Amino acid sequence: MAVILITGGARSGKSARAEALARSFPDQPPIYIATAEALDAEMEARIARHRTRRGTGWVEHEEPLDLVPVLATSDGGGARLVDCLTLWLSNLMHAERDWEREVSELAGALPRLKSPVVLVTNEVGLGIVPDNALARSYRDAAGIMNQTIAAIADEVEFVVAGLPMKLK
């Protein structure tokens, strides 16, 4: 089983890279686990563009909060693609859930799974320091989450301008 973390900035090509990796595993159709919620028209359009680019042949699950259970119930099927961890983190923080515990549970569960998992996350810590406490808290939490998942991942890639760079 492989755990692959794909990180990078906004519109860097992370999702397309992750989709190609998930499709490269043989035997069963890949499983797409979406953490985004279509809460407005702009997000609905983003989700539609992702679906169009992915094309057919995917089993889709929408799960904004309870990521570990959906990974467990889909284990033994095709490769799973989780897009994306930073939206999942935002959802957890907005729901006032214990994100540190949930990230720890995810990090503990991933190595025990049988089917491959490709995880997409955003690198949000490369810019200027945000000007408000909530944004700084989110940036810091995302950095901690990314380090935690990268530590247990078998492979880590950083995508820039559509080009993947192997980090691990």
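Of the solvent-accessible surface of the chain, computed with a 1.4 Å probe and all protein chains present, 56% belongs to carbon and sulfur.
On a 0 to 90 degree scale, rounded to 10, what angle separates helix 99-109 from the longest Cα axis of the chain? Between the helix axis and the principal axis of the chain, the angle is about 20 degrees. Computed from backbone phi, the HN-Hα couplings of the range 27-43 come to 5, 10, x, x, 10, 9, 10, 9, 9, 6, 10, 7, 8, 8, 5, 5, 5 Hz, rounded to whole numbers (Karplus: 6.51 cos²θ - 1.76 cosθ + 1.60, θ = phi - 60°; Gly and Pro given as x). Packing here is the average count of other Cβ atoms within 10 Å per residue, and on that basis the peptides 12-20, 36-44, highest first, run 12-20, 36-44.
Farthest towards the positive end of the charge dipole of the chain, among the residues TRP58, PRO164, LEU81, is the Cα of PRO164, using unit charges on the Cβ of Lys, Arg, Asp and Glu.
Ratio to report: Rg/Rh of the chain, with Cα atoms as the point set and Rh obtained by the Kirkwood method; give two decimals.
Details: Rg = 15.0 Å, Rh = 16.1 Å.
Answer for the chain: 0.93.
Think of each Lys and Arg Cβ as +1 and each Asp and Glu Cβ as -1; about the Cα centre, that makes the dipole of the chain roughly 640 debye.
Share of antiparallel DSSP beta bridges in the chain, in percent to the nearest 5? DSSP beta bridges in the chain are roughly 15 percent antiparallel. Shown in residue order for the range 84-98 are the 3J(HN,Hα) couplings computed by the Karplus curve 6.51 cos²θ - 1.76 cosθ + 1.60 at θ = phi - 60°: 9, 5, 6, 5, 4, 4, 4, 4, 4, 5, 5, 7, 6, 8, 6 Hz (x for Gly and Pro).
The values are calculated or read from the model by the stated rules, or taken from the named source; none is laboratory data. For clarity, every value in this text was computed on a predicted model and none was experimentally measured. Because the Cβ atoms are built from the backbone with ideal geometry, glycine has one as well, and the counts that use them run over all protein chains shown. With ligands, DNA and RNA removed, areas are computed over all heavy atoms of the protein, side chains included. Shrake-Rupley method; radii C 1.70, N 1.55, O 1.52, S 1.80 Å.
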